[in-house]
1. Given the stretch 1-79, what strands (runs of 3 or more DSSP E) lie entirely inside it while holding 3 or more residues that are open to solvent by 30 Å² or more (accessible area, probe 1.4 Å) and either at pLDDT 95 or above or in contact with a Ser or Thr (Cβ under 9 Å, 6 or more places away or on another chain) (or both)?
2. Could you tell me whether D235 is in contact (Cβ under 8 Å) with a residue 40 or more places away in the chain and out of contact with any Leu (no Cβ under 7 Å at 6 or more places or on another chain)?
3. List the number of the failed condition for R105; all other conditions in (1) touching a Ser or Thr at 6+ places or on another chain (Cβ under 6 Å); (2) charged (D, E, K, R); (3) modelled with pLDDT under 90 hold.
4. Would the stretch 204-216 turn up any residue that is among the acidic types (D, E) and touching a Phe, Trp or Tyr at 6+ places or on another chain (Cβ under 7 Å)?
5. Of all residues in the stretch 204-216, how many are at pLDDT below 95 and surrounded by fewer than 21 Cβ atoms within 10 Å (Cβ to Cβ)?
6. Regarding Q73, is this residue away from the ligand (no atom under 15 Å from the Cβ) and either in contact with a Phe, Trp or Tyr (Cβ under 6 Å, 6 or more places away or on another chain) or more than 27 Å from V247 (Cβ to Cβ) (or both)?
7. What about S45, is it touching a residue at least 40 places away in the same chain (Cβ under 8 Å), over 13 Å from L174 (Cα atoms), away from the ligand (no atom under 15 Å from the Cβ) and not acidic (D, E)?
8. For a quick check of your reading of the model, give me the residue pairs whose first member lies in the stretch 65-81 and is free of Cβ contacts under 8 Å to residues at least 24 places away in the same chain, whose second is open to solvent by 70 Å² or more (accessible area, probe 1.4 Å) and in a loop (DSSP other than H, G, I, E, B), with beta-carbon atoms closer than 7 Å and at least 6 apart or on different chains.
Amino acid sequence: MSTALLKLEHISLSFKAVKAITNISFAVAPGEICALIGPNGAGKSSLLNVINGVYQADEGTISYDGETRHIMQPHHAAERGIARTFQNIALFKGMSVLDNVLTGRNLKVQSNWLEQVFNLGRAKREALVQRKKAEEIIEFLQIQQWRNSLVGNLPYGLQKRVELGRALAAEPKLLLLDEPMAGMNREEKQEMSRFILDTQAEFGTTIVLIEHDIGVVMSLAQHVVVLDYGKKIGDGTPEQVRNNPEVIAAYLGTKH
Ligand SMILES: Nc1ncnc2c1ncn2[C@@H]1O[C@H](COP(=O)(O)OP(=O)(O)OP(=O)(O)O)[C@@H](O)[C@H]1O
């Protein structure tokens, strides 16, 4: 088996008296889609926040792309190619689709503010490159016709796609998706699933996603990690997890 791109070892995290994550370890192989599942409050979002440095684990280590740390700093995570989307869409609603996707390119900008204000040589050239990249992502996600629309005016499903676009604009090595299909109907979920699979196939992106729809998880992920009350109760292929009695009892048998 190839070396993991991401490896969490013995991660624990508490919020005062609440133990959100207890001693969680798992590894994510390069290029795989790994789904984090579990009932509400199981610790899934907290775990994504530990991976990209928004929360700092009390214990444990994170190995990512050949480097092991006790905690990940948000800027370090972003610089090293970790991007994410959020459970509640976090876009600039008053800005166009194109401008939102362009914000995903911020870390790629090398010219300084003076060059940008006066649109000097390097800034000018860079702006063209950034725009070209953003347009490529927009085309990839088939949202060209809304390129100039204000994000706040778009239907929810499309906003979710724009958010994926902004994350992809950063050309991430590891993409963290927090409920990318929440609130979508069947058709929209199928569409989003296709874009996630296309992202994996086209860019080789490693993806860790949180999803409640088990049908979607089983058809999308190659690896499933199951959390319950902050603890890991399952870790394997969709087939292995589907047949794990502890998982069936804690999650698959429960309605959400
Ligand atoms: N910032 C915070 N402050 C205090 N407690 C928190 C915070 N974030 C999460 N928690 C608590 O940690 C536990 C795990 O929450 P988390 O949001 O990670 O679960 P989740 O599996 O993502 O849930 P959901 O599916 O509902 O989004 C819960 O008990 C939650 O109330």
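The values are calculated or read from the model by the stated rules, or taken from the named source; none is laboratory data. Quick caveat, the model's predicted, so the values are computed rather than measured. We place every Cβ from the backbone using ideal geometry, glycine too, and count neighbours over all the protein chains shown. Heavy atoms of the whole protein, side chains included, go into the accessibility calculation; ligands, DNA and RNA do not. Shrake-Rupley method; radii C 1.70, N 1.55, O 1.52, S 1.80 Å.
1. Values: elements: 6-15, 18-28, 33-37, 59-64, 67-69.
Because the criterion is at least 3 residues that are open to solvent by 30 Å² or more (accessible area, probe 1.4 Å) and either at pLDDT 95 or above or in contact with a Ser or Thr (Cβ under 9 Å, 6 or more places away or on another chain) (or both), the strands (runs of 3 or more DSSP E) in the stretch 1-79 that meet it are 6-15, 18-28.
2. Numbers: in contact (Cβ under 8 Å) with a residue 40 or more places away in the chain: yes; out of contact with any Leu (no Cβ under 7 Å at 6 or more places or on another chain): yes.
Here the answer is yes, as D235 does meet what is asked.
3. (1)
4. No, every residue in the stretch 204-216 fails to be among the acidic types (D, E) and touching a Phe, Trp or Tyr at 6+ places or on another chain (Cβ under 7 Å).
5. Residues of the stretch 204-216 at pLDDT below 95: 211-216.
Next cut, surrounded by fewer than 21 Cβ atoms within 10 Å (Cβ to Cβ) only: 212-215.
Here the count works out to 4.
6. Numbers: away from the ligand (no atom under 15 Å from the Cβ): yes; either in contact with a Phe, Trp or Tyr (Cβ under 6 Å, 6 or more places away or on another chain) or more than 27 Å from V247 (Cβ to Cβ) (or both): yes.
Considered against the rule, which asks whether it is away from the ligand (no atom under 15 Å from the Cβ) and either in contact with a Phe, Trp or Tyr (Cβ under 6 Å, 6 or more places away or on another chain) or more than 27 Å from V247 (Cβ to Cβ) (or both), Q73 comes out as yes.
7. When the stated conditions are applied, S45 does not pass them.
8. Once the first residue is free of Cβ contacts under 8 Å to residues at least 24 places away in the same chain and sits in the stretch 65-81, its partners that are open to solvent by 70 Å² or more (accessible area, probe 1.4 Å) and in a loop (DSSP other than H, G, I, E, B) give I71/Q56; P74/V54.
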